[in-house]
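The values are calculated or read from the model by the stated rules, or taken from the named source; none is laboratory data. These figures come from a predicted structure and were not determined experimentally. So basically every Cβ, Gly included, is an ideal-geometry build from the backbone, and we count neighbours across all protein chains shown.
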Amino acid sequence: MLEHILILVLATLVVGLSLSILIRWRRTKGAILLDEKAINELISSVVDNAKAGRLPDIAERVSHILRDYLKCSKIVFLKLKKSTLSANHAIGVNDSSLKQFSITLTHELQERLRSISEVTEISELTAMLSPEVMLQLKDQNFNYFFSVFLRNNLFGIYFIETELSSTNASLRFLTTALAFSLSAAYHIRQQEKKLKRYENQLKNTSTTNNSSKTEQVIARRDLNRYLKIKNSRELVAELTKTLKKEGNFDKIALYVNSSSNDDSSLSINLQIKDSIDKALKENYDLILNELQPGEVFDKNKSSLEFPKISKRFGDINGEIDNIATIPWINNQKAVIAWNNNKIEDDSQEYVQDYWRNAIPLIEYVGRYERAKEMSYTDGMTGVYNHRYFKKRLAEELQRAARYGRSLALLILDVDDLKIINDNYGHPAGDKLLISLANILSDSVRSIDLISRYGGDEFCVIMSETGRNRARLSMDRIRGRIASSPLILDGVSDKQQYSVSIGGAVYPIDASSVDDLIKAADKALLQAKAEGRNCSRLFESKYDLKSSDGT
């Protein structure tokens, strides 16, 4: 399962970045001179090696692409291990020199690398590296570097020698695509290793300590099945069903209320009447206040000890006999109620032990879900990435087709990003993109989906939206952005910027995912052609065939 995620993430990230490069190439009439063969090789090599799980091979292939298509005569990749960047492989550097490449990662160096998002001249690291290291780099004629960095995780750094200028668009775009693809590979593989170690730990713990009935149930019969479930809600439902069956309970219910906005509330009801289910939910907070973890309300014994709970549930014969609270993940508590209609009731300890052994399984799946969620998110802006955009657009279009509803797609392109980058540096451009993502999040409905399409482009998927609402939304978004200037540290004047927007609506403008994207992109090209701060909806006079360069 995780291997499949790795493959999909790498393939989609690389394809998305490559398509962004090709689109920008068309818009600038060939100013970015990228060889299409280089892009195809990047895609195929990364995907093929990802399938085999060979991350060193991916890094080596990155080096070959740098050599073959960016005229890099010397290349060395330093991989981070613990707190040292050590030579992992190289091209054009002999083995004796390679062994000398070693850099201690200081906090200052890490922060500097984090602030640099593209290929940069080595002189930028003079203050962070020792004179000996700088001399060694100069002796080898290295003149640029770029880091393999994702979120807060540094995986390594490339040093290269090339005749190309640092402003060369091919050098900047392809190194960025390579670095992002490789960092995604390392990040997801890192998560995969953590999950695998945790999975083995669960198996070892359960199989070596089978003293209780609960552990035998989970370890011997169901553990492998549970480990295949990668959705925490489905897992909790399966665990509750197993508890009902193995505990010989007639009825059981489990409730977890989220105290935040993380959508972690759960409600599982097996055979309990709706009226009792409602009463348990309504008295959830009361139960948590009355019962500490480990304490159990027994309808037949606890009327004096827990009078408030007894008042509400003591006269419900045949439905629930016991109510308890149990520790849950993320420092939460769960409420569980059950009835087994036995004269000799030994269920209380069994229920507590069962969930005590089941919680690590739920935490394990939670880690998997968080790793998967990270693969859907753009690391810089926090909105969804191109991979998730394509997945959700296909789902939303299918839903719109099924129920006969409209679906709007908006594509936004920043008009002024190059000016900001040229005048204030790329960190300022990154800040603009982050600000834009925040404005978009505040400008659309909660059911709308925002994603970074690539570079300075963003997409908004708007379900149940026709042409009139789409047009109003585009105007509202443009207005919000135009009236929200960028504030930069150390710059007294606020920086105005704007966007151009293209939109298309299913099924009026297109009947498939690809055609809807083409229609919105063609409308965006028309908006850009008509000037800054402009928006256009697709019209039939726009030729869809020309939107892909044909």
Checklist entry - What residue, of 461, 481, is in a strand (DSSP E or B) and among the aliphatic types (A, V, I, L, M)? => result 461
Checklist entry - Is one or more of the residues making up segment 473-490 crowded, with 20+ Cβ neighbours inside 10 Å, in contact with a strand residue (DSSP E or B) (Cβ under 6 Å, 6 or more places away or on another chain), among the hydroxyl-bearing types (Ser, Thr, Tyr) and in the same structural domain as residue 419 (by TED's automatic domain parsing)? => result no
Item to check | Residues (out of contact with any strand residue (DSSP E or B) (no Cβ under 6 Å at 6 or more places or on another chain) and either surrounded by 14 or more Cβ atoms within 10 Å (Cβ to Cβ) or without any contact (Cβ under 8 Å) to a residue 12 or more places away in the chain (or both)) located in segment 71-86 | outcome: 81, 82
Next on the checklist: Can you say whether residue 46 is within 17 Å of residue 148 (Cα to Cα), at pLDDT below 65, within 29 Å of the chain's Cα centre (by Cα) and surrounded by 19 or more Cβ atoms within 10 Å (Cβ to Cβ), as far as the supplied structure shows?
Outcome noted: yes
Item to check | Filtered residue count, segment 412-455, keeping only those that are hydroxyl-bearing (Ser, Thr, Tyr), under 20 Å from residue 176 (Cβ atoms) and surrounded by fewer than 21 Cβ atoms within 10 Å (Cβ to Cβ) | outcome: 1
Checklist entry - Any idea which of 336, 343, 362 is at pLDDT below 80, assigned by TED's automatic domain parsing to the domain that holds residue 290 and among the β-branched types (Val, Ile, Thr)? => result 343
Checklist entry - Condition test on residue 96, is it in a helix (DSSP H, G or I) and without any contact (Cβ under 8 Å) to a residue 40 or more places away in the chain? => result yes
Item to check | Single residue of 403, 424 found to be over 25 Å from residue 515 (Cα atoms), over 14 Å from the mean Cα position of the chain (by Cα) and among the aromatic types (Phe, Trp, Tyr) | outcome: 424
Checklist entry - Restricted to segment 218-249, and to residues that are modelled with pLDDT under 65 and touching a Ser or Thr at 6+ places or on another chain (Cβ under 7 Å), which residue is surrounded by the fewest Cβ atoms within 10 Å (Cβ to Cβ)? => result 222
Next on the checklist: Residue under question is residue 542, and the condition is that it be modelled with pLDDT under 90, surrounded by 15 or more Cβ atoms within 10 Å (Cβ to Cβ) and farther than 17 Å from residue 416 by Cα; does it hold?
Outcome noted: yes
